[in-house]
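*Asks:* Shown below is the structure under consideration.
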Amino acid sequence: MLTPDTILQPGTLLPDGAGDPGVYRVLEYITSGGMASIYLVDVKGRKDGPFILKINGKPHRVPEFYREAWWQHHYKCGIVPCYWSDHTSINNEPVACYVMPYLREGSLLHKLATRTYSLPEAVSWIHALSETLDSMNCVHRDLKPENVLLFARAPLLADFGLAVPSKPDERKEWGDRLTCAGTPNYMSPEQHLQHMVQNNEIDCRSDIFTLALMLYEFWFGNLPFSNDITERELIAWKLMKPKDKKLTSTKLPTADELFTTALTVKRAERYQTHADFRRALLRVHAELTRGQKII
């Protein structure tokens, strides 16, 4: 019986959906997330590996899992591509899976942990992510450093399991039950308020809030609230007015203005489009690269 705790050992052979045995050979277990486990694998007949095999661990979430693969299969620019979707068998139990490239540079989480980046580079990453989401007409809803991988130091978005189209009238098949979804520290205020906010009210301004949080974390090395904050305290912080959030000053007017605007609780007072947000990011980048001293 497959459970979320099932971990396949190196050397394990898995069939493909056609029943061809040993198509996927496990090299290494990498991690497990909300609905899937990720492995480094070789693929039979392919010499351009290794590859990432993402295996669904929750049968009731297979539709979401394949929707994630759909996003990553149809939109190539700026995201981690899905090479193909498949299903395999673990302990004689069929499970959904899909195959992605193995990106050796790792995620932005690693960059954040090692502080191996410059502030202009971090601003450029956030700008690129905003541009990708805008071009895809997508609201990701689970943006965070570990869901952004690097290829030639360019950021590629991954983990589209919670993503929905930007236009509310295109979301009917996604359903309202996903409204309160995401990673609590990075969720926008409206994502927390599932009992008050309908699915069709989650729009690009939610992702803009999260992108600004990510930039703040890259700027200062931590989020603007304590890591051990309770969820109730976290929601209370996000519902504060900007002046009450006590954001640390960047000593850079354009950056302080960006954080104050993007991290406000009222969506009508945030940047209203990704294009507006990117213009603010460009002002920050220009001021940074003029060589002003940043404290």
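Since every read-out is calculated from the coordinates, none of them should be taken as a lab result. Note that the structure is predicted; figures quoted are calculated from it, not measured. Cβ sites come from the backbone with ideal geometry, for glycine too, and all protein chains shown count toward neighbours.
*Asks:* What are the ³J(HN,Hα) values, in whole Hz, obtained from phi via the Karplus relation 6.51 cos²θ - 1.76 cosθ + 1.60 with θ = phi - 60°, for each residue of segment 270-279 in sequence order, with x given for Gly and Pro?
*Replies:* 7, 5, 8, 9, 4, 4, 4, 5, 5, 4
*Asks:* Sticking with this one: What trypsin sites (Lys or Arg not before Pro) in segment 1-83 are in a loop by DSSP, with at most 10 other Cβ atoms within 10 Å of the Cβ?
*Replies:* Sites meeting the loop and neighbour criteria: Lys47.
*Asks:* If amide hydrogens are placed 1.01 Å from N in the peptide plane, which non-local residues have theirs closer than 5 Å to the one on Cys138?
*Replies:* The answer is Ser166.
*Asks:* Another question, if that's okay. Could you go through segment 45-62 in sequence order and give the Karplus-derived ³J(HN,Hα) for each residue, using 6.51 cos²θ - 1.76 cosθ + 1.60 with θ = phi - 60°, rounded to whole Hz, and x for Gly and Pro?
*Replies:* Residue by residue, segment 45-62 yields x, 10, 10, 9, x, x, 10, 9, 10, 9, 10, 5, x, 10, x, 6, 10, 4 Hz.
*Asks:* For Tyr83 and Lys266, FRET efficiency with R0 = 41 Å and r from the beta-carbon atoms, rounded to 0.05? Spell out each step's value before the answer.
*Replies:* Numbers: r = 42 Å, r/R0 = 1.02.
For Lys266 and Tyr83, the calculated efficiency is 0.45.
*Asks:* In nanometres, what is the gap between the two model label sites at Tyr102 and Glu231, each 7 Å from Cα along Cα-to-Cβ?
*Replies:* The modelled label-to-label distance comes out at 3.6 nm.
*Asks:* Going by amide H atoms built from the backbone, whose H comes under 5 Å of the H on Phe160, apart from near neighbours?
*Replies:* HN-HN under 5 Å from Phe160: empty list.
*Asks:* Along the charge dipole of the chain, which of Ile202, Trp219, Gly19 sits closest to the positive end, that is, farthest toward it, with unit charges on the beta carbon of Lys, Arg, Asp and Glu (+1, +1, -1, -1)?
*Replies:* Trp219
*Asks:* Same structure, new question: How large is ³J(HN,Hα), in whole Hz, for each residue of segment 68-77 in order, when computed from phi with the Karplus curve 6.51 cos²θ - 1.76 cosθ + 1.60 and θ = phi - 60°, using x for Gly and Pro?
*Replies:* Residue by residue, segment 68-77 yields 4, 4, 4, 4, 6, 8, 8, 10, 9, 6 Hz.
*Asks:* Separate question: Can you sort Asp159, Asp134, Asp142 so the residue with the fewest Cβ neighbours within 10 Å comes first? Mind dumping the intermediate values first?
*Replies:* On the way: Asp159 25, Asp134 18, Asp142 22.
In order of increasing Cβ crowding within 10 Å: Asp134, Asp142, Asp159.
*Asks:* Using 0.36 nm per residue of separation minus the Cα-Cα distance, give me the extension gain between Ser249 and Gln9 in nm, one decimal.
*Replies:* Computed gain between Ser249 and Gln9 is 81.6 nm.
*Asks:* Based on the mean of other Cβ atoms within 10 Å per residue, sort peptides 9-20, 145-156 so the most packed one is first.
*Replies:* The packing order, highest mean first, is 145-156, 9-20.
*Asks:* Further, regarding this structure: Excluding residues on the same chain fewer than 8 positions from Lys243, give the lysines whose Cα lies under 23 Å from its Cα.
*Replies:* In chain and number order, the partners are Lys251, Lys266.
*Asks:* For the pair Asn137 and Arg279, how long in nm is the line joining their label points, each one 7 Å along Cα→Cβ?
*Replies:* So the label points at Asn137 and Arg279 sit 2.3 nm apart.
*Asks:* Assuming R0 = 30 Å, what is the FRET efficiency of Ala113 and Asn92, from their Cβ-Cβ distance, to the nearest 0.05?
*Replies:* 0.15
*Asks:* If each DSSP helix of 4+ residues adds -39,500 (n - 2.57) and the sum is divided by the residues in the chain, what number results at 222 nm, nearest 500 deg cm²/dmol?
*Replies:* Details: 8 runs with 92 residues, N = 295.
My calculation for the chain gives -9500 deg cm²/dmol from helical runs alone.
*Asks:* Which option, (i) 59, 53, 34; (ii) 53, 45, 37; (iii) 60, 43, 35, is the value of Cα extents along the principal axes in Å that was calculated from these coordinates?
*Replies:* Step by step, Cα extents along the principal axes in Å for this structure corresponds to label (iii).
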